1. Can you pull out the residues in the range 270-295 that are surrounded by fewer than 19 Cβ atoms within 10 Å (Cβ to Cβ) and either within 17 Å of residue 204 (Cα to Cα) or in contact (Cβ under 8 Å) with a residue 40 or more places away in the chain (or both)?
2. Residue by residue through the range 315-352, note down the ones that are in a loop (DSSP other than H, G, I, E, B) and more than 20 Å from residue 288 (Cβ to Cβ).
3. Looking only at the range 148-158, how many residues end up being modelled with pLDDT under 90 and under 17 Å from the mean Cα position of the chain (by Cα)?
4. Only one residue in 168, 184 is buried (at least 17 other Cβ atoms within 10 Å of the Cβ), under 17 Å from the mean Cα position of the chain (by Cα) and within 20 Å of residue 274 (Cβ to Cβ), so which one is that?
5. Just a yes or no: is a residue in the range 285-299 in a helix (DSSP H, G or I) and at pLDDT 95 or above?
6. Looking only at the range 151-193, which residues are in contact with a helix residue (DSSP H, G or I) (Cβ under 7 Å, 6 or more places away or on another chain) and farther than 17 Å from residue 214 by Cβ?
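The values are calculated or read from the model by the stated rules, or taken from the named source; none is laboratory data. If you're wondering where the values come from, they're calculated on a predicted model, not measured in any experiment. Positions of Cβ are generated from backbone atoms using ideal geometry, with glycine treated the same way; all protein chains shown enter the neighbour counts.
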């Protein structure tokens, strides 16, 4: 009987039908076409012409502007990083599995699609992510080690720490309602990251479950890592914000976006990230979002109708204090929310959480002052110190 093959949609190469994982991309095989390997005909009989679908050659390496998730597998980037597989592919780029050759260290390599290499806004977001994530060394912010360019297509790539686990979005999809103590621990860890970034005058602006990665620790706990600072922005005074920001430009994910961000207000501050975190906590606790808006305009319409039901009404075991904290964080009126991340962190500090989780291992000492983005930091400015708890 002829052996059966399946052509992989990701790498374009036929693999035996009983293989479930592509040996090139290390992802589940998605069939592009089914191929039968037929025995060769006797020498005296001309071999039959192969079916048209078999005659299609494997795809050529992607040219400039084209995208193929497997285009870099096996290549050596910048003479230091070997690409070994594909982790995930999205609309803007691909995340690859890789190895830093000199150290033998596993890394994740995030590449911008070549067709966006000439888009200054997309490249700037890439550089933002590298500068923010690479400058903190915070235990709850994914670390970026390097920033480079692909020689053949001149598209940028980031080299990041390789994380094992899942995003909070995947956890919510799998469990629907996350355990209350774990939600509290995740909240405290994310707030630890926000205290650090806000102290440097940096807003995330795109907090959502898919940008919070949950790393499984050796003792069965969870360490939360904040990802994707590509939309991060410096907090500046209102007068400067109106001068520097183009009117009508709204960036972020509408379902988790604060009202002031949805309306394009230029003078955003720390409370916009806290609103997003409140929406994340609401969804983690209840399995649903308080608003179903998919666009900024739809969000504003829903906000005008009525306030959502508190989490405790949908899930009675939610502690009263946590219920109140979530509702305070997602209040449409900016002035009624927590003053800053440290304020919200202190509010949640007294509530019970999962003891196995790597919960808030750092505490910010002193009261750091956010440096002005337009001027260098003065020598007399208080030093920002992060100390690990005993």
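1. 287, 294, 295
2. Selection gives 333, 337, 338, 339, 340, 350, 351, 352.
3. Within the range 148-158, residues that are modelled with pLDDT under 90 and under 17 Å from the mean Cα position of the chain (by Cα) number 0.
4. 168
5. As a first pass, look at the range 285-299 and keep what is in a helix (DSSP H, G or I): 285-286, 296-299.
Next, from what is left, pick out any that are at pLDDT 95 or above: 285-286.
Looking through the range 285-299, at least one residue is in a helix (DSSP H, G or I) and at pLDDT 95 or above.
6. 153, 155, 156, 158
Let's see how each residue does on (1) within 23 Å of residue 22 (Cβ to Cβ); (2) outside the structural domain of residue 203 (by TED's automatic domain parsing); (3) under 14 Å from the mean Cα position of the chain (by Cα):
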site: 83; (1), (2), (3): yes, yes, no
site: 87; (1), (2), (3): yes, yes, yes
site: 91; (1), (2), (3): yes, yes, yes
site: 95; (1), (2), (3): yes, yes, yes
site: 113; (1), (2), (3): yes, yes, no
site: 120; (1), (2), (3): no, yes, no
site: 135; (1), (2), (3): no, yes, no
